[in-house]
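The values are calculated or read from the model by the stated rules, or taken from the named source; none is laboratory data. All figures in this text were calculated on a predicted structure; none of them were measured in a lab. Cβ placement follows ideal geometry from the backbone for every residue including glycine, while neighbour counts extend to all protein chains displayed.
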Amino acid sequence: SREIQLASRPEGWPADENFRLAEVPVPKLEDGQVLVRNLYMSVDPYMRGRMNDVKSYVPPFQIDAPLDGGAIGEVVESRSEGHRPGDKVLHGLGWRDYAVLDGKRARVIDAEAAPASAYLGVLGMTGLTAYAGLTKVAEFKEGDVVFVSGAAGAVGSLVGQIAKAMGAKKVIGSAGSAEKVQRLLDLGFDEAFNYHDGPVKESLKKAAGADGIDVYFDNVGGEHLEAAIAVMNKYGRIAMCGAISQYNTTDAPTGPRNLALAIGKELTLRGFIVGSYNQYADEFAELMSGWLNDGRVSYDETFVDGLENAPQAFIDLMKGANKGKMIVTLQA
Ligand code: NDP
């Protein structure tokens with residue numbers, strides 16, 4: 001079986017040499033365990049943080065050990081009561097062809113109800129991040145004007161569509177290319193701009209117009225966050241989900257330099273981790289299946305083929321090569 005190991009810790013942008021494809025034996029099954037052949041794995045921006053040797057909410061990856069992360073696979077052998085060969089499962093041991101894990105850590109998914117890959121994205125952690133961040137963290141309410149950055153990505157594209165489905169007055173998205181801007185408009189965003197076209201603050205001001213913005217869902221940090229604080233209405237709420245503009249830089253953060261505006265505007269800035277919102281998973285699953293069924297939410301996926309290409313897929317993700325959820329397909 002093959003796995004991708006962390007060969008060295010990246011400084012700044014990760015490169016090929018930080019990863020290694022290794023051939024390893026498949027461990028023998030113990031009682032309670034399942035052997036899973038992986039079919040899809042997720043690459044996610046948060047994995048960049050785990051490549052650094054720093055304490056965070058998830059422990060760092062270890063040098064010479066395999067990476068891990070969300071994956072969907074098929075059970076090929078089971079010594080766990082709740083699993084049969086053929087079951088499709090969601091689990092946390094991606095970045096390898098075969099995974100051996102405790103049955104309790106492999107959740108059987110309903111592969112009839114939706115394509116299996118959707119459980120890594122729209123129906124999984126990605127979707128819950130969008131929903132919980134918007135409705136619980138930013139306390140979105142009907143009639144709000146919402147701005148979301150990273151809007152053509154996995155989380156961002158769902159945030160905008162959920163906000164529309166729940167009665168936003170206006171939804172504004174930013175993304176890194178003209179093609180992505182067009183996609184946002186096709187998905188029902190009211191306004192969208194390419195953040196490379198000029199200062200974010202100017203583009204955002206123009207898009208928001210006299211309405212201003214009530215909610216900012218921040219995937220990017222830095223200049224985007226500063227711009228949102230500048231354009232935000234009184235009592236505006238910001239859900240701090242990610243700061244991808246800073247994950248690979250070795251320079252000091254570029255902003256926000258205007259945080260003091262939060263005082264007079266009485267803004268709320270609240271960071272969150274999706275793992276703290278699992279109590280909303282059922283509520284979310286029900287709403288999302290409704291929105292998917294009635295067509296109010298659609299989702300994009302970008303597939304990269306082959307475990308050996310997973311490191312490049314991860315690097316490309318952070319360079320914006322994806323529309324919607326970036327997924328690596330495996331075929332051991
Ligand atoms: P995406 O699918 O959004 O992929 C990342 C995107 O970031 C790229 O497609 C790229 O699009 C954009 N990007 C990269 N660099 C920059 C930059 N300098 N400025 C602006 N945009 C940039 O990934 P996810 O949807 O999985 O994650 C989105 C954010 O949410 C990340 O910050 C991630 O860390 C965070 N997150 C947080 C969670 C939590 O629990 N708090 C859970 C899940 C995700 P473009 O072409 O537009 O530049």
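Any chance region 295-315 includes a residue that's modelled with pLDDT of 95 or more, of a type in the set (Asp, Glu) and more than 16 Å from the ligand (Cβ to nearest atom)?
Among the residues of region 295-315, at least one is modelled with pLDDT of 95 or more, of a type in the set (Asp, Glu) and more than 16 Å from the ligand (Cβ to nearest atom), which makes the answer yes.
Just for region 148-179: of the residues that are part of a helix (DSSP H, G or I) and farther than 17 Å from residue 135 by Cβ, which one is nearest to the ligand (Cβ to nearest atom)?
For region 148-179, the residue satisfying everything is 154.
In region 233-269, how many are exposed (fewer than 14 other Cβ atoms within 10 Å of the Cβ), out of contact with any Lys or Arg (no Cβ under 6 Å at 6 or more places or on another chain) and in a strand (DSSP E or B)?
Qualifying residue count for the region: 1.
May I ask you to list pairs of residues, at least six apart or on different chains, whose Cβ atoms are under 6 Å apart, with the first in region 98-111 being without any contact (Cβ under 8 Å) to a residue 24 or more places away in the chain and the second being assigned to a strand (DSSP E or B) and of a type in the set (Lys, Arg)?
Listed pairs, sorted by first residue: 111/88.
Take the residues in region 104-120 that are in a helix (DSSP H, G or I) and of a type in the set (A, V, I, L, M); name whichever of them is nearest to the ligand (Cβ to nearest atom).
My answer is 120.
Spot the failing condition for residue 212; the list is (1) touching a residue at least 60 places away in the same chain (Cβ under 8 Å); (2) at positive phi; (3) within 8 Å of the ligand (Cβ to nearest atom), and only one is missed.
The number of the failed condition is (3).
What are the residues in region 180-197 that are surrounded by fewer than 20 Cβ atoms within 10 Å (Cβ to Cβ) and within 14 Å of the ligand (Cβ to nearest atom), if any?
If the condition is that a residue be surrounded by fewer than 20 Cβ atoms within 10 Å (Cβ to Cβ) and within 14 Å of the ligand (Cβ to nearest atom), then 182, 194, 196, 197 are the ones that fit.
Only one of (1) surrounded by fewer than 23 Cβ atoms within 10 Å (Cβ to Cβ); (2) more than 9 Å from the ligand (Cβ to nearest atom) is not met by residue 123, so which one is it?
Against the list (1) surrounded by fewer than 23 Cβ atoms within 10 Å (Cβ to Cβ); (2) more than 9 Å from the ligand (Cβ to nearest atom), residue 123 comes up short only on (1).
Just to be sure I understand the filter: pairs with C-beta atoms under 7 Å, separated by 6 or more residues or on different chains, first member in region 308-324 and outside any loop (DSSP other than H, G, I, E, B), second member near the ligand (Cβ under 7 Å from one of its atoms) and β-branched (Val, Ile, Thr). Which pairs pass?
Listed pairs, sorted by first residue: 318/244.
Every residue in region 180-213 that is part of a helix (DSSP H, G or I) and either assigned by TED's automatic domain parsing to the domain that holds residue 320 or within 20 Å of the chain's Cα centre (by Cα) (or both), please.
180, 181, 183, 184, 195
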